[in-house]
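Here is the structure we will look at, set down as structure tokens.
The values are calculated or read from the model by the stated rules, or taken from the named source; none is laboratory data. This is a predicted model, so every value here is computed, not measured. A quick note on method: Cβ atoms are made from the backbone with ideal geometry, for glycine too, and the neighbour counts reach across all protein chains shown. Quick note on the areas: whole protein, heavy atoms, side chains included, nothing else; ligands and nucleic acids left out. Shrake-Rupley method; radii C 1.70, N 1.55, O 1.52, S 1.80 Å.
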Amino acid sequence: MKPRTMFEKIWNAHIVREVPGEATILYIDTHLVHEVTSPQAFEGLRLAGRKVRCPHLTFATMDHNVPTTDRSLPITDLIAAKQIETLAKNCSEFGITLYDLHSAKQGIVHVIGPELGITQPGKTMVCGDSHTSTHGALGALAIGIGTSEIEHVLATQCLLQQRSKTFEINIEGQLSHGVTAKDIILSIIGKIGIGGGTGTVVEYSGSTIRSLSIEERMTVCNMSIEAGARAGMVAPDDTTYEYLADREFSPKGEAFNRAVERWNRLRPDEGASYDKSISIDAKTLAPQVTWGTNPGMVTDVTGVVPDPDDMPTLDEKNAVQRALEYVNLTPGTQMTDVQVDRVFIGSCTNSRITDLRAAAETAKGRKVAPTVNALVVPGSQAVKRQAEAEGLDGIFRAAGFEWREAGCSMCLGMNPDILMPGQRCASTSNRNFEGRQGKGGRTHLVSPQMAAAAAIAGHFVDVRTWE
Amino acid sequence: MEPFRKHTGLCVPLNRINVDTDQIIPKQFLKRIERTGFGAYLFHDWRFLDTGELNPDFVLNAPRYQGASILVAGTNFGCGSSREHAPWALQDYGFAAVIAPSFGDIFRNNCYKNGLLPVVLSEDISADLIRQIEAQEVYRLTIDLESQKVIQSDGTAHAFEIGDFQRQCLLNGLDEIGWTLQFESSIAEYESGREVY
Ligand code: SF4
């Protein structure tokens, strides 16, 4: 048989119907749901008199517009409250498991899926959210979908899809101290551009990826969509199985061993061919900072703000010019001279326990600069409890960071955590689009270590030199 | 869904690359639980000044482009988030089609599901169309999905590609859920052979 990629294996195993000239009907093993993109889908079901085909394969939580302050208080944003209520109503009407605001399992949908063991190798997963790609870190084919597709999956447990192209990104070698998974993915996006992965599913491979923990692999897969890719994945290995053992929804005992045997077969075959491939040498990577208004506008922390006149095309020149006006930076400015007003440590990219440990390590025994307001928002209630058990909250609080309840928070500012116009933020999230964290706000994407260091110094610093 | 066969309409140029869905419809407007009413917030942060007044410098606000139904934009239009509110807003505002050299994948899928036609034309042709639209007070294009052509008023036609299935869905205004449910027995058969643990 022709050697197959991991994508092909998972895809082929989920075909319900594939006929030339038609979209493929692909079976979906797990559907994750949140409050912002689902109300119209449930309403559509009701209008058509349809049911949810597999409520037991559907899991919901509230994350996007939940407050991160005291949960015992009523939600002050009435429209957000309505969306949250609507999700609760829909879940009870259609029989879907919901981890609501007061559940000990609540959190950002892409944090709790893996945490609960819902995310597993070889599964097809969807969620009405582009960062669904995160789940690929465990070897799932996880695709972000829109609201009409949510309704389609609710009604049929299937998705209509065209087969994607495949893209192998191979990363070899050892990362330098202070260089993280976030820096890997930011530099990849810088290289291939924010449209570089469009139409493809990325498979990450190589010794660097193998050496990453599952949480670090999640950071890489999470931002695959920022390169335009439909999904990103890493073939499962012992690291994956160790992570999955004993999680709530993981198979147990003998069933787990049988699952591992099956999961082992997901690895791409020797000689499998990809539509596109690139290789990256980990040794050449430095901590990254974005300077513009999309994640591809990024440079090494030792770099400078680029000059629009150096851009190869007129379109790019105009885009850079617009971006620099928006972020209010002058060409040639050293990134380490850029001062920040706010720091946000959180989001489905970097809000897991290892991210918080890394940030706390950087902040330990120091003080947030008096000019900076800094916020730490754990990705889930479970992460929050774990961090508190380890005393990380104490380290952050002592340094002057605010410590919050779990949610998306300032990643997209649908709740009260937003930037004011003109404020500049070092953020561990995934999008620095205009207005993403609040109208007129300026976002610089960095790793948790870089964010913590910026909070303390008041400007960006090269964490490789951090004592 | 309303079928899309052939549409003639006034064009407006949005000469920017990488227009993301956060710009098409900013997050503060995603809290509605309906599919309608998003047009008022389309391109909100570009279209309105901080005072809430229309920004006279934003192209959509120019008097000559009022009533436009075809948007011609730069490469990678609709990148970013999966929010279907983006095509809902474009459609609610009055757009029937968007022409660009490339689109974000999820955005493009979301367009198909709503009968908003994303048309891929090469960078050269798109750029040339933008120049023509800017140069002419009233510029209309016809998009014929049946023959897969974008036709200028002087008769010049540009062919575009679209998947057979998407094309059929759009031409017939097909309910995809209904379509998939015809194969209910195949789904049930798949489910019975599926490994569960
Ligand atoms: S943390 Fe940000 S990117 Fe992640 S799901 Fe929430 S809003 Fe989306």
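Across the range A:265-394, C-alpha contacts under 8 Å between residues 6 or more apart give a mean separation that, scaled by the residue count, equals a relative contact order of 18 percent.
Peptide B:174-185 shows a mean partner chain C-beta count of 5 within 10 Å per residue C-beta. The dipole here belongs to the range B:72-197: it is taken about the Cα centre, uses +1 on the Cβ of Lys and Arg and -1 on the Cβ of Asp and Glu, and is about 220 debye.
Pairs of Cα atoms nearer than 8 Å and 6+ residues apart set the relative contact order; for chain A it is 17 percent. Only Lys, Arg, Asp and Glu carry charge here, each on its Cβ (+1 for the first two, -1 for the last two); on that basis the protein assembly as shown has a dipole of about 720 debye about its Cα centre.
Taking only protein heavy atoms and a 1.4 Å probe, the accessible area of chain B is 46% carbon and sulfur. Shielding value for A:401-412 is 1, the average number of Cβ atoms from other chains within 10 Å of each residue's Cβ. Solvent exposure of the range A:367-456 amounts to 26 Å² per residue of accessible area, where only protein heavy atoms count and the probe is 1.4 Å. Put simply, the amide H of A:Met233, placed in the peptide plane, has neighbours under 5 Å in A:Val202, A:Glu203, A:Tyr204, leaving out anything fewer than 5 places away on its chain. Put simply, the amide H of B:Asn55, placed in the peptide plane, has neighbours under 5 Å in B:Phe48, B:Leu49, leaving out anything fewer than 5 places away on its chain.
Our helix-only sum for chain B, with -39,500 (n - 2.57) per DSSP H run of n ≥ 4 divided by its residues, gives a mean residue ellipticity at 222 nm of -8500 deg cm²/dmol.
I'd like the carbon and sulfur percentage of the solvent accessible area for the range A:9-99, probe radius 1.4 Å, heavy atoms only, ligands and nucleic acids excluded. Carbon and sulfur atoms account for 59 percent of the accessible area of the range A:9-99.
Share of carbon and sulfur in the accessible area of the range A:213-369 stands at 45%, probe radius 1.4 Å. For the range B:6-29, a drop of 50 Å² or more in accessible area on going from the chain alone to the assembled protein chains (1.4 Å probe) is found at B:Ile17, B:Asp22, B:Lys27. Accessible area per residue for the range B:50-112 is 30 Å², calculated with a 1.4 Å probe on protein heavy atoms, without ligands, DNA or RNA.
For the listed peptides B:90-102, A:145-157, B:121-133, a ranking on the average number of other beta carbons within 10 Å per residue, highest first, reads A:145-157, B:90-102, B:121-133.
Annotation: amide H-H contacts under 5 Å for A:Val298 (H modelled 1.01 Å from N, sequence separation of 5 or more, or interchain): A:Trp291. Straight-line cross-link reach from B:Lys113 at under 30 Å between alpha-carbon atoms covers these lysines, not counting any fewer than eight positions away in the same chain: A:Lys9, A:Lys51, A:Lys82, A:Lys89, A:Lys123, A:Lys165, A:Lys276, A:Lys439, B:Lys6, B:Lys27, B:Lys31, B:Lys149. Looking only at the range B:152-178, which residues have a backbone nitrogen under 20 Å from a spot 7 Å from the Cα of B:Lys6 in the C-beta direction? Label zone hits: B:152-162, B:167-174.
Remark: mean inter-chain Cβ contacts per residue of B:106-117 equal 4, using a 10 Å Cβ-Cβ cutoff to other protein chain atoms. Ordering B:179-187, A:43-51 by mean Cβ neighbour count within 10 Å, with the highest value first, yields B:179-187, A:43-51.
In the range A:120-151, comparing the full protein assembly with the chain on its own, the residues that lose 50 Å² or more of accessible surface at a 1.4 Å probe are A:Ser148, A:Glu149.
Helix-only arithmetic for chain A: the sum of -39500 (n - 2.57) across DSSP H runs with n ≥ 4, divided by the residue total, places the mean residue ellipticity at 222 nm at -9500 deg cm²/dmol.
Summing both sides, the accessible surface hidden between B and A at a 1.4 Å probe radius is close to 5200 Å². The listed peptides B:4-11, A:54-61, B:82-89, ordered by packing as a protection proxy, come out as B:82-89, A:54-61, B:4-11 (highest mean of other Cβ atoms within 10 Å first).
The dipole here belongs to the range B:1-103: it is taken about the Cα centre, uses +1 on the Cβ of Lys and Arg and -1 on the Cβ of Asp and Glu, and is about 300 debye.
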